[in-house]
Amino acid sequence: MADERAKRRLAAIAVFDVVGYSRLMEADETGTLAALRERRKTVLEPIVRDHKGRIVKVMGDGVLVEFASAVNAVKAALELQEKMAEANTLLSEDRRIVLRIGINLGDIIGEGSDVYGDGVNIAARLEALAEPGGICVSAKVRDETHGRLELAFEDMGEQQLKNIANPVRVFRVATCAVSSAAVGPSLSLPDKPSIAVLPFTNMSGDPEQQYFSDGITEDIITELSRSRSLFVIARNSSFQYRDKGVDVRRVARDLGVRYVVEGSVRKMGSRIRITAQLIDAVPGNHLWSERFDRGIEELFDVQDELTQTIVATVTGRLEDAEIRMATNKRTDSLPAYDCLLRGIQHLRGYGPDENHLARELFEQAVALDPRYALAHAYLALALLVENHYGGASDSIKQRALDIATAAVRLDPRDSRCHTFLGQVYRFRDEYDLAISHLERGVALNPNDAIGIVHLAGVLGVSGRAEEGIELLHRAIRLDPYLNFFWGTLALCLYALRRYEEALVASQNIWPTKSPWQMAREAACLAQLGRLDEARAKAAEVLRRKPGFSVRAEMPHYRYPADAEHLRKGLLKAGLPE
């Protein structure tokens with residue numbers, strides 16, 4: 001009990017995040033990574049140190065910092081915004097790095113060097129509410145600094161923040177703001193009509209029903225993605241805005257789209273109510289809104305109608321053949337569909353118990369509807385995930401292959417069936433078949449950012465890393481918040497001997513790095529001749545995973561020379577054979 005209490009402490013947590021990060025990366029990936037690294041070393045780190053703070057972790061384009069007091073946290077944030085603005089005056093608008101900052105004072109839980117808890121979560125939600133160049137703080141921070149700092153605060157009222165039970169009163173630091181010119185231009189709009197679907201609000205009054213409204217939203221995104229006439233932002237990035245109450249014009253600016261869909265779902269016994277509206281975010285006009293009060297058995301018809309209406313409205317025409325294909329539901333069984341949605345929710349929990357539950361739910365979905373192709377595809381994926389991907393036994397890999405092959409046979413036009421089959425082939429070291437099915441998945445759904453990254457990853461270990469990097473640029477535009485982009489980019493850059501860039505990419509991996517990703521950083525440092533740093537990083541790997549060995553942990557490559565290139569880097573860093 002004493003150890004547990006020692007882990008809990010009161011602290012001020014600040015979260016810093018780069019505005020328009022995907023725009024900067026799209027314009028100049030290498031330059032942006034180098035600029036961010038330079039700002040961290042010359043601006044952020046000295047300020048945090050001067051104000052007695054501690055950088056807990058870097059999360060892609062964001063940084064989490066712990067301070068002993070709210071006063072120190074706010075003073076550091078103010079100085080940081082001032083220094084960042086000064087540095088930006090020498091840059092053109094399209095290269096300026098601008099931050100949003102959120103600060104909270106509350107209980108946190110320490111675990112090793114990391115911190116967790118509502119104190120951290122609230123700070124992250126406050127950052128999302130801040131304007132570019134601005135600072136948002138909780139009422140606790142405002143009360144603690146009142147009279148001790150010469151600041152003006154603007155009351156933003158009580159805000160209901162994602163995954164926080166009680167509303168939080170939020171204040172904007174009034175003296176801290178930048179003009180829109182300092183932020184630089186937003187992402188350029190694609191040639192196609194571009195759209196983001198925000199997560200539909202769960203209006204059922206039961207938080208346990210969140211998976212259902214999320215699943216409906218994701219289905220709408222998937223069906224829209226199949227239209228080659230549209231540019232559709234991926235689910236991962238759209239869901240970053242859940243429960244944040246943001247202005248749709250800001251969403252459109254951040255994601256580089258013209259149209260935004262938002263709505264709500266209320267499930268009441270055998271009835272369902274879905275509301276939806278389509279907004280042209282450039283002028284801020286509502287193009288249409290609709291409410292559907294139907295029996296639950298009509299859910300799929302409502303989704304089809306929504307998809308058709310959106311495509312017809314934003315493209316000016318309805319592509320009958322394409323939309324009929326896109327909205328052809330693969331099951332008539334609502335219980336099977338419900339099992340699939342709950343299984344997907346558990347699969348995204350990323351824990352052994354969650355993976356096990358996901359696999360069982362997908363098995364139930366297949367049992368309820370043996371012709372449900374997508375349930376088969378997810379079951380094959382869950383088998384790999386539950387059994388550590390390439391570490392799975394030959395019998396598990398064979399079962400996954402049989403199930404994924406059945407999924408493609410049941411529905412050869414579903415992109416996810418091909419993508420998951422491609423992943424099975426990858427972990428069986430059947431690279432040609434893996435690439436073939438992953439390419440087929442991307443062809444069927446050109447808006448599937450995750451499928452594109454999986455394809456890039458296979459190309460990266462198949463001697464085609466240059467092509468992989470080209471695909472990654474495409475993926476990050478579709479999904480600016482794609483978290484495993486950085487690991488795949490680091491893999492491809494290392495294969496091309498671009499060690500410095502690979503190291504910078506790896507340092508942007510979030511929310512946490514695996515021991516293997518840290519080992520690759522050690523190899524990069526060794527290849528650059530920075531042997532002291534390489535050995536220090538290798539020691540950190542061994543602290544995290546004492547049994548780590550190069551032979552056991554090496555990923556599979558198509559060509560022995562590529563595997564040997566990585567092996568030599570790891571051994572040179574001092575990691576055990």
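Quick check: anything in the stretch 267-275 under 28 Å from Val170 (Cβ atoms), modelled with pLDDT of 80 or more, basic (Lys, Arg) and surrounded by 17 or more Cβ atoms within 10 Å (Cβ to Cβ)?
If we filter the stretch 267-275 for residues that are under 28 Å from Val170 (Cβ atoms), which is where we start, we get 275.
Pick out the ones that are also modelled with pLDDT of 80 or more and you get 275.
Then drop every residue that is not basic (Lys, Arg), which leaves none.
For the stretch 267-275, residues under 28 Å from Val170 (Cβ atoms), modelled with pLDDT of 80 or more, basic (Lys, Arg) and surrounded by 17 or more Cβ atoms within 10 Å (Cβ to Cβ): absent.
With (1) over 28 Å from Met268 (Cα atoms); (2) surrounded by fewer than 22 Cβ atoms within 10 Å (Cβ to Cβ); (3) at pLDDT 80 or above as the list, and Ser186 as the residue in question, which single condition is left unmet?
Unmet condition: (3).
For Tyr559, only one of the following conditions fails: (1) over 30 Å from the mean Cα position of the chain (by Cα); (2) touching a residue at least 24 places away in the same chain (Cβ under 8 Å); (3) over 15 Å from Ala465 (Cβ atoms). What is its number?
Among (1) over 30 Å from the mean Cα position of the chain (by Cα); (2) touching a residue at least 24 places away in the same chain (Cβ under 8 Å); (3) over 15 Å from Ala465 (Cβ atoms), the lone unmet condition for Tyr559 is (3).
Assess whether Ser462 counts as being at pLDDT 90 or above and of a type in the set (Ser, Thr, Tyr). Step through it out loud before you land on a result.
On the way: at pLDDT 90 or above: yes; of a type in the set (Ser, Thr, Tyr): yes.
Yes: the conditions hold for Ser462.
Could you please find all residues in the stretch 515-563 being of a type in the set (S, T, N, Q), farther than 20 Å from Arg426 by Cα and surrounded by 14 or more Cβ atoms within 10 Å (Cβ to Cβ)? Working first, answer last.
As a first pass, look at the stretch 515-563 and keep what is of a type in the set (S, T, N, Q): 517, 527, 549.
Now drop any that are not farther than 20 Å from Arg426 by Cα, which leaves 527, 549.
Across the stretch 515-563, the qualifying residue is only Gln527.
Condition check: farther than 30 Å from Phe239 by Cα, out of contact with any Gly (no Cβ under 7 Å at 6 or more places or on another chain), surrounded by fewer than 22 Cβ atoms within 10 Å (Cβ to Cβ) and touching a residue at least 24 places away in the same chain (Cβ under 8 Å). Does Asp429 satisfy that? It would help to see each step written out before you state the result.
Values: farther than 30 Å from Phe239 by Cα: yes; out of contact with any Gly (no Cβ under 7 Å at 6 or more places or on another chain): yes; surrounded by fewer than 22 Cβ atoms within 10 Å (Cβ to Cβ): yes; touching a residue at least 24 places away in the same chain (Cβ under 8 Å): yes.
The answer is yes for Asp429.
Inspect the stretch 405-420 for any residue being touching a His at 6+ places or on another chain (Cβ under 7 Å) and farther than 24 Å from Asp338 by Cα and give the result as yes or no. Steps first, please.
Let us first name the residues in the stretch 405-420 that are touching a His at 6+ places or on another chain (Cβ under 7 Å), namely 406-408, 410, 418-419.
Still in the list and also farther than 24 Å from Asp338 by Cα: none.
Checking the stretch 405-420: not a single residue is touching a His at 6+ places or on another chain (Cβ under 7 Å) and farther than 24 Å from Asp338 by Cα.
Mind listing just one residue for me: the one in the stretch 44-57 that is in contact (Cβ under 8 Å) with a residue 12 or more places away in the chain and under 21 Å from Ser506 (Cα atoms) and, of those, surrounded by the most Cβ atoms within 10 Å (Cβ to Cβ)?
Of all residues in the stretch 44-57, those in contact (Cβ under 8 Å) with a residue 12 or more places away in the chain come to 44, 47-48, 50-54, 56-57.
From the residues that got through so far, the ones that are under 21 Å from Ser506 (Cα atoms) too are 44, 54, 56-57.
On the way: Leu44: 22, Arg54: 14, Val56: 20, Lys57: 15.
Ranking the qualifying residues of the stretch 44-57, first place goes to Leu44.
Out of Asp414, Asp332, I need the residue that is over 22 Å from Leu438 (Cα atoms) and either touching a residue at least 60 places away in the same chain (Cβ under 8 Å) or surrounded by fewer than 18 Cβ atoms within 10 Å (Cβ to Cβ) (or both). Which one?
Values: Asp414 fails: over 22 Å from Leu438 (Cα atoms).
Matching residue, one of Asp414, Asp332: Asp332.
Can you find a residue in the stretch 282-294 that is surrounded by fewer than 19 Cβ atoms within 10 Å (Cβ to Cβ), among the aliphatic types (A, V, I, L, M), more than 23 Å from the chain's Cα centre (by Cα) and at pLDDT below 90?
Taking the stretch 282-294 as the starting set, the residues that turn out to be surrounded by fewer than 19 Cβ atoms within 10 Å (Cβ to Cβ) are 282-294.
The next check asks that each one be among the aliphatic types (A, V, I, L, M); those that pass are 282, 287.
Those left that are additionally more than 23 Å from the chain's Cα centre (by Cα): 282, 287.
Next, from what is left, pick out any that are at pLDDT below 90: 282, 287.
Scanning the stretch 282-294 turns up at least one residue that is surrounded by fewer than 19 Cβ atoms within 10 Å (Cβ to Cβ), among the aliphatic types (A, V, I, L, M), more than 23 Å from the chain's Cα centre (by Cα) and at pLDDT below 90.
Inspect the stretch 110-127 for any residue being among the β-branched types (Val, Ile, Thr), part of a helix (DSSP H, G or I) and either in contact with a Ser or Thr (Cβ under 7 Å, 6 or more places away or on another chain) or crowded, with 18+ Cβ neighbours inside 10 Å (or both) and give the result as yes or no. Lay out the reasoning, then the answer.
At the first step, the residues of the stretch 110-127 found to be among the β-branched types (Val, Ile, Thr) are 115, 120, 122.
Subset that is part of a helix (DSSP H, G or I): 120, 122.
Of the ones still in play, those that are also either in contact with a Ser or Thr (Cβ under 7 Å, 6 or more places away or on another chain) or crowded, with 18+ Cβ neighbours inside 10 Å (or both) are 120, 122.
Yes - at least one qualifying residue is present in the stretch 110-127.
Report yes if Ser213 is at pLDDT 90 or above, crowded, with 19+ Cβ neighbours inside 10 Å and farther than 30 Å from Glu79 by Cα, otherwise no.
Values: at pLDDT 90 or above: yes; crowded, with 19+ Cβ neighbours inside 10 Å: yes; farther than 30 Å from Glu79 by Cα: yes.
Considered against the rule, which asks whether it is at pLDDT 90 or above, crowded, with 19+ Cβ neighbours inside 10 Å and farther than 30 Å from Glu79 by Cα, Ser213 comes out as yes.
Condition check: more than 24 Å from Ile509 (Cβ to Cβ), in contact (Cβ under 8 Å) with a residue 24 or more places away in the chain, crowded, with 20+ Cβ neighbours inside 10 Å and not β-branched (Val, Ile, Thr). Does Leu105 satisfy that? Walk me through how you get there before you give the answer.
Working: more than 24 Å from Ile509 (Cβ to Cβ): yes; in contact (Cβ under 8 Å) with a residue 24 or more places away in the chain: yes; crowded, with 20+ Cβ neighbours inside 10 Å: yes; not β-branched (Val, Ile, Thr): yes.
Yes: the conditions hold for Leu105.
Exactly one condition in (1) touching a residue at least 12 places away in the same chain (Cβ under 8 Å); (2) surrounded by fewer than 16 Cβ atoms within 10 Å (Cβ to Cβ); (3) among the aliphatic types (A, V, I, L, M) is false for Ala312; which is it?
(1)
The values are calculated or read from the model by the stated rules, or taken from the named source; none is laboratory data. Only a predicted model underlies this, so the values are computations on that prediction, with no experimental measurement involved. Note: ideal-geometry Cβ built from the backbone for every residue, glycine included; neighbour counts use all protein chains shown.
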